[in-house]
Every structure is written in C-alpha cells, then in structure tokens.
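Bear in mind that the values in this text are calculations on the coordinates, not laboratory data. Because the structure is a prediction, the values reported are computed rather than measured. Every residue, glycine as well, gets a Cβ built from its backbone with ideal geometry; the counts of neighbours run over all protein chains shown.
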Amino acid sequence: MDLTRRKVLWGATALPLLAGSFGPPSFAQTAPTAPSEMPPVLFVHGNGDHAALWITTLWRMESNGVPRDQMFAINFTDPLARSDDKVAQDDRSSTEDQRRELGEAIAQLKQKTGRARVALVGNSRGGNSIRSYIRYGGGADVSHAVLCGVSNHGVFDSDDGLGNEFNGRGPFLRGLNEGESEVVAGTAFLTLRSDGLDKYAQSDGRFIGKPGVATGVTSDGPALKGATNLVLGPVDHRETAYHPRAFREIYKFIAGSEPERIAILPEAKVQLSGLVTGTPGGVPTNRPVAGATVEIFRVSPETGERIGDAVHKSATGGDGRWGPAEVDPTWYLEMVLAQPAATTTHFYRSPFPRSSDIVHLRAARALAPAEASSGAVVMMTRPRGYFGLPRDIVLLDGKEPTDIKSGVPTDALTSLRLSAAEIGHRVTGLFNEERIVARAWPASENRIAVIELTH
C-alpha cells in the first residue's frame, strides 16, 4: 500500500515560530465554540518527559473553544524506557507498563466526560504507547490517533539490541508494523514528521552515539502505511508535537475544521499548580516528592529582580502537589523549588497567559564539585523543542552558547558558569522572540538558576 504523503511547506504565509505569543494581552476577546462532535483529547508525552510539555497545546485548544474538562495530559509514573523491554530496571518502564497506564487514563477520561471514544495525541515514545494500546485491543475506545515525531520504524534497525523498544527490527515494533497496513481499522491515524531535522530519524548513528554507523532508518521513518502522513518542514523532534504548526494539524484532524486562531488567548485571572517530581539515581520519574516547598515571586522583565514579597508559598504533601497560586498574566516569574537532598532551583519564566494545573517542577541536576566552588551556574532550557543553529537565534548572557551543536537540533539545554564576583549578575536568555532575565545565585549554597523557555 502506498503511503499517503503530503508535505506542508513553510513560506511567506507560514506561521511564525512563536505565533501570537507576545505583546500585551487582550482580555476582550472570547474563544469560539469548538465543534460539538469533537471527542475528548488525551495528550501523551515522550521518553523521560511529563505532562507539562503539552501546556501551550492545551492553551491553544482552549483558545479555540475546547473546554478544559474535555482534555487531559497523562503523567507516566516512570517515563523512561528500559534498555531491554523484558528486563526490569529501577525507575524505568516497559511497553506493557505504558500500555496499562494509558488504558487507565483513557478509562478515566471516558468516565469523566461520558463519551464512548477519545482522541489520542502523542509525541515520541508516547506514540509507541498509543499504537500499542490500539493494536492490542483498545481501538474501540479511540477515534483519532495523532503521532508526532514517533519513531514508528525505530530509531535504528539492527540485529543488535533486539529487546530495545526503539529497534525497528525488535519484536515490539515488528508486532505493531506487521501486515499490509500499519494502522488499525476504525481509528483515524495522522503522523506528523520533520523534513530532515528530527534527531531520531537520521540515517547516520551519530545522534545515538554511533557516528558513521548506518541506522537503517530515514526521515520517512515516522510515516505509516494506511495513515495520513504530513511533513511539517524544518521542525525538530519535539516541535513535531509542540510547535504552533503542529497544533494546527492536530486540531484540524480531530475537530474536522481549521482552528479559529493559533495565538494563545490570555485570561484575566491565572491560577497555577502542579506536581513536584524526583530523579532517583539521576533517572527522571513522575513520582511525587513530599516535603518540597515552592515559592513564587514576581520579577522585573528587564533585571530579573524580585518585585515585592513572594506571591505564593506552599509545601507538597504525599501527592507531590503544589499550589494553587494566583498570578497576573503579564507577570514574569521566579519559581523557587527547594526539597531535601536536591539542588535548590530558581526557575525564571515568561508570563503565563492562561491557567494550568500541570506546571510540573523537577529540581535541577546536582552541581559538580568544580561548579560548587566556581561562583554561580545559570542554565537555559527549552522543554518543547531543541536549540537549532543556525536555524534559531540563541543567546545566553549576550553570547551564542558553545555547547550547542550546529546542524540537526539535538540540544535542549545550555549552561553558563560564572565567577564568584558575578554572583547576583543579571543573565539574559534569548531564544528567537522569547526573552527571559535571570539572576545568578551562589552555587556554594547549592543553588542553580534555570531560564525555562515556554516556546
């Protein structure tokens, strides 16, 4: 069967990278009404990630009239895949673990909304879970499946590491792809992929630690026989899900019509809350952390300095939840996460235009001994995409970072080490049109500043 392959090009009428995300909010606007036949939507994150990556997508959905209670973003307990799917590893999950948790979330969303079927949208490993659930008996529950940057034919295709979930030659993916069609009848499938900039759809193995070794896959790897397959253009692996361009295709496929707007419509009052999670042994999990405190300060967009006292302070209980905090949609924020045996992390954030209950927080990595004695460490991170050079404008403290590789975007984090004399120094992070100013905190106090980009 031939692939249904349609390329979506960027040109003079293309959406800007940060469409409608900046400028003064307009509270007079009201969201349209979403189509009544639109099913509830469950968003599924990728390997090692969490639900918060879908914040901007949820905001765009709400800005097009999709009710907040008709959507849900899952948090897998242990989001990182095992090295071998059949061999247990601490704080990592198997494909069966993922399929079971996804099934539970689908059942809960159906019960909550009273609807018989839901739409699923997944990025990266999240697409593996979606396909597995539908293939092995869950198709009756799923009206639409949108697979964004999913390695449907593997990150590599080899006789080595056959037990790895991402080996196209292994039993997991062979089971999903067997037969004339690679989709399941009764569920509408859409795949979204990059035009060559997805680091997990490359013919050379340098992005998986094997330079010069053929992977056996290409940029066409995410396409599926029997699905509608779209090429979005020069987006990276995560942008296949979280970019405004991806949102348009996700909404249009599920709703059956174009979205009214791509821009995020601000709310007059914003309420934030979320989950504090841990990284035991350096492994990212979504297991709740008790006994953590979260403080929120309004800060100057030009200096990063605090404006007044904390606008919120809360401590987490056994469920790991913090909040709720009420903030203004125009405020730049500093969110301070402190917890036992972890680095105190000062997150600097752009204004939150809308409310969210998935502002999840994980403490920054431990400081190396040399860093702890050097003065201060400031990081800039982009959870919903990678830094692409020369594609993007990326500046940290007025300089293009040297730890970001050019070409195919692979890096979502860059770090800056400052001297003791520069403690308290203002550090500006710039990614295209998003600009955030942080303050450098003393590493000797086990503190790190993180400029966390929203876009």
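A few notes on this one:
- Long pairs among Lys110/Lys252; Lys110/Lys313; Lys110/Lys269; Lys112/Lys313; Lys86/Lys112, criterion Cα-Cα beyond 24 Å: Lys110/Lys313; Lys110/Lys269; Lys112/Lys313; Lys86/Lys112
- Normalised by the number of residues in the chain, the mean separation of alpha-carbon contacts (under 8 Å, six or more apart) gives a relative contact order of 15 percent.
- For the chain, calculated [θ]222 nm from helices alone, where every DSSP H run of n ≥ 4 adds -39500 (n - 2.57): -4000 deg cm²/dmol
- The length gained on full extension between Ala370 and Thr30, counted as 0.36 nm times the residue separation minus their Cα-Cα distance, comes to 117.2 nm.
- Summing charges over neighbours of Lys269, with a neighbour being any other residue whose Cβ is under 9 Å away from its Cβ, gives -3 when K and R count +1 and D and E count -1.
- The Cα-based radius of gyration and maximum Cα-Cα distance (Dmax) for the range 143-288 are 18.0, 56 Å.
- When both the range 401-436 and the range 120-177 are represented by their alpha-carbon centers, they are found 34 Å apart.
- Extension gain, Thr344 back to Glu445 (0.36 nm per residue minus Cα-Cα distance, nm): 35.5 nm
- Rounded to the nearest Hz, the phi-derived 3J(HN,Hα) couplings of the range 399-416 under the Karplus curve 6.51 cos²θ - 1.76 cosθ + 1.60 (θ = phi - 60°) are 10, 6, x, 8, 8, 9, 7, 7, x, 4, x, 10, 10, 10, 9, 9, 10, 10, where x marks glycine and proline.
- Only Lys, Arg (+1) and Asp, Glu (-1) charged, at Cβ; the range 151-215 dipole about Cα centre in debye: 200 debye
- For Lys210, a cut-off of 17 angstrom between C-alpha atoms picks up these lysines, skipping any fewer than 8 places away in its own chain: Lys199, Lys405.
- Rounded to the nearest 20 debye, the dipole magnitude of the range 366-455 is 60 debye, with +1 charges on Lys and Arg beta carbons, -1 on Asp and Glu beta carbons, and the Cα centre as origin.
- Projected label points at Ala290 and Glu178, each 7 Å from Cα along the beta carbon direction, are separated by 4.6 nanometres.
- Long-range HN-HN contacts of Val359 with modeled amide H, under 5 Å: Ser273, Gly274, Leu275
- When +1 charges are put on Lys and Arg Cβ atoms and -1 charges on Asp and Glu Cβ atoms, the dipole computed for the chain relative to its Cα centre reaches about 400 debye.
- Close amide H contacts of Phe156 (hydrogens built in the peptide plane, cut-off under 5 Å, sequence separation of 5 or more or a different chain): Gly168.
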